[in-house]
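The values are calculated or read from the model by the stated rules, or taken from the named source; none is laboratory data. Keep in mind the model is a prediction, meaning the values are calculated, not measured. Glycine gets a Cβ as well: all are built from the backbone with ideal geometry, and neighbour counts include every protein chain shown.
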Amino acid sequence: MVLTSGLFAIIILPNRSTEPGFFRESAVMILYSLRCDCGHEFDQWFDNMADYDSQKSGSALSCPSCSGHRVDKAIMAPRVGKSQPAAPAPCGAPSCSGGGACPMMG
């Protein structure tokens with residue numbers, strides 16, 4: 001299962017034991033969009049938010065294109081669905097209240 005938001009995606013994977021069909025726990029990972037100082041953008045998975053902070057503070061993050069270590073989270077646009085137009089208000093004619101065709105809507 002993958003959950004997404006404007007800033008990151010979370011994937012939940014079953015962690016299988018040696019017995020077929022048995023799940024003992026789930027592993028949660030976070031996908032961040034990252035950008036280096038050169039402007040390269042790339043995605044990287046982390047175990048959790050603290051894992052990102054730990055790797056960033058320890059200079060373990062590097063750009064796959066230029067190997068630069070100055071990497072930050074990229075700004076991401078939120079995924080917003082298209083809104084549906086609101087239903088027109090009834091005009092007051094008897095045919096509007098019963099679910100029939102409104103004479104004002106032509």
Query raised in the report: Residue check: is GLN55 assigned to a helix (DSSP H, G or I) and either modelled with pLDDT of 90 or more or of a type in the set (D, E, K, R) (or both)?
Result: yes
Query raised in the report: Pairs, please: C-beta under 8 Å, at least 6 apart or cross-chain, first residue over 10 Å from GLU41 (Cα atoms) and in the range 60-79, second among the polar types (S, T, N, Q) and modelled with pLDDT of 90 or more?
Result: ALA60/SER54; LEU61/GLN44; LEU61/GLN55; GLY68/SER62; HIS69/SER62; MET76/SER33
